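See structure below.
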Amino acid sequence: MIEETQLPELGAIALVRYFWRQLTSMRTALVLLLLLALAAIPGSLIPQNAQNPMAVSDYFKSHRALAIWFERFSLFDVYSSPWFSAIYILLFISLIGCVLPRSFEHLHAARALPPKTPKNLARMELFQTWSSSGNELEIAKTWLKAKRFRILESEDSLSAEKGYLRETGNLFFHISLILILVGVLIGGLFGVRGSAILSQGERFVNNATSYDTISFGQISRESSLPPFTIKIDKFVAKYNTLTSAPEDYTLYVTTVAKPGATPKQQVVKVNSPLTFGSTRVYLQANGYSPIVTVQDKKGNVTFQGPVPFLPQDGNLRSIGAIKVPDGNPQLGLVSSFVPTYARSSNQGAISVFPELLDPKLLFSIWQGDLGLDNGVPQSVYRIDTSKMKQIALSSLKPGEFLKFSEGTVTFEDVVPWVNLQIVSDPGKSYSLIGGIVAILGLLASLFTRRRRIWIRVSAGEIQVAGLAKNGAPGLAIEMSEFVAKLKGN
Amino acid sequence: MSAQDWAYLSNYAIYSAMALFTLAFFGHAYETAWAVRTPLASAETEGNLVAKTFDNSRTQKAMRIATAMMILGFAFLFFGVIARGISAGRVPWGNMYEFSITGALAFTGAYLFALRKYDLRWLGVLVSFSVLLTLGTAITLLYRASAPLVPALKSTWLVIHVSAAIISGGVFLLANVIAAAYLYLDNMESKGPRKVWAQRLPSLEVLDQLSYRLVAFVFPLWTFAVIAGAIWAESAWGRYWGWDPKETWAFITWVAYAAYLHARVTVGWRGRRAAWLCLLAGSTFLFNYVYVNVWGTGKHTYSGL
């Protein structure tokens, strides 16, 4: 015999309601929370595009097959991936579905009086009874009022309740999490983030072309950049003489907040950025820029200026490329720079200290096609020498020059460069307020005890009892104080 | 005194603290082992299983000495951490060696603080052993000469963020040890009555409550540590949250403990399941400390390794 189970037919609304109830249930929220923790893990183990794009491209080179699969599942962009977003969006919907109804309920409860004194107090916790001496109800009322209990009075009894702050705190905590997320969203939509490398002596004008990299939020526009300028006056780095570890970075700048404003001299440090309204400017990285002049055979200057070099180690051995596209033929200097020169038998020129004690520029000169005109983006630190040939190899100290077959190279001087990160995040104050409210709400909800105390006088007998609505201890002590007060000692 | 003198003094204090914790360990081991009494063999007991009894009246003295050693060790360790700070002219939280000695201090502190209210001396063996292990690893593998801070750490937030994180860590680990004890005893009880030496340990219910209270007590502080870190990151790195490995794992720990609190308070988990969840959350904290500091990449690379 085959019994066919007939599922009750669910209308569309009933179905939606069913899923809504499932989604907003505590168990689902718990599963989503654990899933969120689990989903965050791969992003800390696999290199991420947002944090370290170089490591991602290295990973593609070393583990090509695996990397392709990682890419398919957005494992290089975990925190903006569809599956990670799905989890936290569901979690927040579940949270809203849970918190909103509870907020209305609580708003209602917060204005209401406690429920009536139960008929049989003897069945409640901490029940005590003794014979009345007359005015206990009055004493009880004063005591409970002084302790800020809410009191429902009746002819022969008081019903008092305290600790609504627990639920208030709990709700505020959860609502503040939504506020944090809103702050993150506003930052993502209206924020601007970019960076620029500037050598000492250069000036930064805040428009999109001045940046080396810049990314706008979905809604922010170039016109929203505040029109400030920053001139790099001086950068000072101090290093530990034993370990070469950096001890202090100080950047001196002259800023003009908007055209026509008075210039201001300011100091930037790693932990104290410049502020222009909601835009802040951070000191992120630094290195050295050799100042090089290249002249052709007739003595015309074909290139001059500071060129930022990329540091390779803690002693700031740096690599860089000096490209001279205006010469005929085109020239390229594949270079490295060491602030304190030393020779190592297996590595060649190395630096033994990050400060400029014995600076040296080492380079090879190449002649041919730099490949700048074919539209393929190039690294500013490297030269593609596949269509070039090497014509000279040398090293210079500041002030020295080299004559070679196509002209002269002069190593004039060396100045530091700094990488400024320029960030506008109009959402961060919402997140900050959210964070502060979250902690206050959490404290209120974890350390407030919700409890009820009753007293009744019936036939010359005093009856008292209490109820702790959450298992936190402390009611017994409070009750004994209460009873002692009533008994007049 | 010169910075060098303070650094030496700090090292001597740490070595002395290790000696004291070793004494505390032996004291606790003695009082646990010798409290189990086997009656002398007699005609009555012959042929029967010998019924062991638990009686720590004779080992009270060892227990008190062990606790005294623990307090003294705490004092020496405290001095060692302070002296380290003086020698470097800053708060002593600049590299992993310093995080470890301060972490051991916070852990011992959490134990001694809880001792005022609960008789946790049965935990003494485990506490002294794990403190010894932490200090031993710190001084042999993680030790770095006392040096000034790198520029990124020069901020008031170092004091606020790191102290909050270290204290939270100490309490989380204590909660973890208690949850582990719960699981061990629960397993033992499911096979029969408790072994004699374990009879002095509190009931399962008490352990269950205790680990929950510790977590509930310190969860707001951990939340604060994460938020303080975000505020600091905003002023140092230009963003308050960037999914740096350390940040990611701090977030995972936070979410895991949030799940634990919800499971207990709202869904009503107790006992084994809650203890496992507590252990899981605590191990994410440990993983963050060990993995991200030693092997991890990202911006929180201050271990000095």
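Quick note: the coordinates plus some simple rules give every number you see, no bench work behind them. Being a predicted model, the structure only gives us computed values, none of them experimental. So basically every Cβ, Gly included, is an ideal-geometry build from the backbone, and we count neighbours across all protein chains shown.
Indicate the gyration tensor shape class of the range A:12-106 (rounded, prolate or oblate), computed on the Cα atoms with a ≥ b ≥ c the square roots of the eigenvalues: a/c under 1.5 is rounded; otherwise a/b larger than b/c is prolate and the rest oblate. Working shown, then result.
Numbers: a/c = 3.84, a/b = 2.72, b/c = 1.41.
Because a/c hits 1.5 or more and a/b exceeds b/c, the range A:12-106 counts as prolate.
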Calculated FRET efficiency, A:Asp413 and B:Phe78, Cβ-Cβ r, R0 56 Å, to nearest 0.05? 0.60
At R0 = 41 Å, how high is the FRET efficiency between A:Ile433 and B:Ile71 if r is their beta carbon distance? Nearest 0.05 is fine. 0.45
Measure off 7 Å from each Cα along the Cα-to-Cβ vector at A:Ile178 and A:Lys298, then give the distance between these two points in nanometres to one decimal. 7.4 nm
Would you be so kind as to identify which of B:Trp295, B:Ala75, B:Trp249 lies farthest towards the positive end of the dipole of chain B, taking Lys and Arg as +1 and Asp and Glu as -1 on Cβ and the Cα centre as origin? B:Ala75
Of A:Phe401, B:Phe172, how do they rank once you tally other Cβ atoms within 10 Å and put the fewest first? A:Phe401, B:Phe172
Charge tally in the Cβ shell below 15 Å around A:Val414, where Lys, Arg are +1 and Asp, Glu are -1, A:Val414 excluded: -2
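Divide the volume of the convex hull of the Cα atoms of the protein assembly as shown by its number of residues and quote the answer in cubic angstrom per residue. Please report the intermediate quantities before stating the final value.
Details: hull volume 255.7 nm³, N = 794.
Cα-based convex hull of the protein assembly as shown, divided per residue, equals 322 Å³.
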Please work out whether chain B counts as rounded, prolate or oblate from its C-alpha gyration tensor, where a ≥ b ≥ c are the square roots of the eigenvalues and a/c under 1.5 means rounded, while otherwise a/b larger than b/c means prolate and anything else oblate? oblate
Using only helices, what value at 222 nm comes out for chain A when you add -39,500 (n - 2.57) per DSSP H run of length 4 or more and divide by the total residues, to the nearest 500 deg cm²/dmol? -10000 deg cm²/dmol
Mean projected area (nm²) of the alpha-carbon convex hull when the range A:358-489 is viewed from all directions: 21.4 nm²
Rounded to whole Hz, the Karplus (6.51, -1.76, 1.60) HN-Hα couplings of the range A:427-436, x for glycine and proline: x, 5, 5, 5, 5, 5, 4, x, x, 5
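Which of the residue pairs A:Lys238/A:Lys387; A:Lys397/B:Lys154; A:Lys428/B:Lys246 have a Cα-Cα distance greater than 32 Å in the structure shown?
Details: A:Lys238/A:Lys387 42 Å; A:Lys397/B:Lys154 35 Å; A:Lys428/B:Lys246 20 Å.
Result: A:Lys238/A:Lys387; A:Lys397/B:Lys154 exceed 32 Å.
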Rank these for me by crowding, A:Ser480, A:Ser364, going from fewest to most other beta carbons within 10 Å. A:Ser480, A:Ser364
Show the residues, 5+ positions off or on another chain, whose built amide H is closer than 5 Å to the amide H of A:Ile462. A:Trp130, A:Ser131, A:Ser132
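Order of B:Leu141, A:Leu225, A:Leu356 from fewest to most other C-beta atoms within 10 Å? Walk me through the intermediate numbers first.
On the way: B:Leu141 12, A:Leu225 22, A:Leu356 17.
The most exposed by this proxy come first: B:Leu141, A:Leu356, A:Leu225.
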